[in-house]
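Working notes, beginning with the structure itself.
The values are calculated or read from the model by the stated rules, or taken from the named source; none is laboratory data. Small disclaimer: the values here were computed from a predicted structure and weren't measured. Neighbour counts are summed over all protein chains in view; Cβ atoms, including those assigned to glycine, are modelled from backbone coordinates with ideal geometry.
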């Protein structure tokens, strides 16, 4: 498998604060990787740099052979990188179907306002987007809630809707920022199945997650940050026994997985 994502010497500063310090790693096409570390270690900042929310202070981010460091979020989305956020970024005034459709607008040729004016091509494209969203919701087992307002759903289902919105743009790489945060044990199991199914369909996944049991079960590769620097990288098994990783999490040598 070839490298899909190559982060090389990434540094991000906010004034005098170095949030990410000369970080480097590669993600293979079709893999499922985890980016972990204690709170404040720079994990979300890395995702923000990849997805175009933050501009790197220095270093490079390559998606295949394309430099994406410094591109705008809609430009990053167009080349095949999807994204979810720590806190649900759903539109509570819209129903589930409408929320998912929003995720495809960066792929549409007509503007978001064109259907209002009755342009036939725009109406046709809007209808195609609606059908695409319905098919996606059906594949995720969410078709029965497509007409419901998002804020009427359980928190776990809202998370799934946000993932669906990221998937409708047909990303080859999806960035998941703490997808299990706030979920109960049953919702976490459902989410774990969903992420596994997404990866099984050939979509590469890079996830930031604090639930170490989920990371250990799902990920083939784990990258560990502490104070903005990479302190370890490898298989889940090797990471769980790494003394420096254990010290960063617990301040003492013990099992990471066993501590959860």
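Among the residues of segment 69-93, those that are part of a loop (DSSP other than H, G, I, E, B), touching a residue at least 24 places away in the same chain (Cβ under 8 Å) and crowded, with 16+ Cβ neighbours inside 10 Å comprise 69, 80, 84, 85, 88, 90. Applying the criterion of at least 1 residues that are under 11 Å from the mean Cα position of the chain (by Cα) and either over 18 Å from residue 85 (Cβ atoms) or without any contact (Cβ under 8 Å) to a residue 40 or more places away in the chain (or both) to the strands (runs of 3 or more DSSP E) found wholly in segment 155-235 leaves 204-208.
Conditions (1) surrounded by fewer than 20 Cβ atoms within 10 Å (Cβ to Cβ); (2) at pLDDT below 95, marked per residue:
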site: 155; (1), (2): yes, yes
site: 166; (1), (2): no, yes
site: 177; (1), (2): no, no
site: 202; (1), (2): yes, no
site: 208; (1), (2): no, no
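Within segment 23-39, one or more residues are surrounded by 16 or more Cβ atoms within 10 Å (Cβ to Cβ), farther than 22 Å from residue 195 by Cβ and at pLDDT 95 or above. Between 13, 55, the distinction of being out of contact with any helix residue (DSSP H, G or I) (no Cβ under 7 Å at 6 or more places or on another chain), surrounded by fewer than 19 Cβ atoms within 10 Å (Cβ to Cβ) and part of a loop (DSSP other than H, G, I, E, B) belongs to 55 only. Considering only segment 150-185, state which residues are over 19 Å from residue 51 (Cβ atoms) and touching a strand residue (DSSP E or B) at 6+ places or on another chain (Cβ under 8 Å). Residue satisfying the conditions is 150 alone.
Which residues, counting only those in segment 228-248, are touching a helix residue (DSSP H, G or I) at 6+ places or on another chain (Cβ under 9 Å) and surrounded by 15 or more Cβ atoms within 10 Å (Cβ to Cβ)?
Passing the criteria: 228, 231, 232, 233, 236, 239, 240, 242, 245, 246.
Restricting attention to segment 10-64, the residues that are closer than 22 Å to residue 204 by Cα and in contact (Cβ under 8 Å) with a residue 24 or more places away in the chain total 31.
Of everything listed in (1) at negative phi; (2) surrounded by fewer than 18 Cβ atoms within 10 Å (Cβ to Cβ); (3) touching a strand residue (DSSP E or B) at 6+ places or on another chain (Cβ under 8 Å); (4) modelled with pLDDT of 90 or more, the single unmet condition for residue 66 is (3). Applying the set (1) at positive phi; (2) crowded, with 20+ Cβ neighbours inside 10 Å to residue 159 leaves exactly one unmet item: (1). Evaluation of residue 48 against the conditions (1) surrounded by fewer than 18 Cβ atoms within 10 Å (Cβ to Cβ); (2) within 12 Å of the chain's Cα centre (by Cα) shows that the sole unmet condition is (1).
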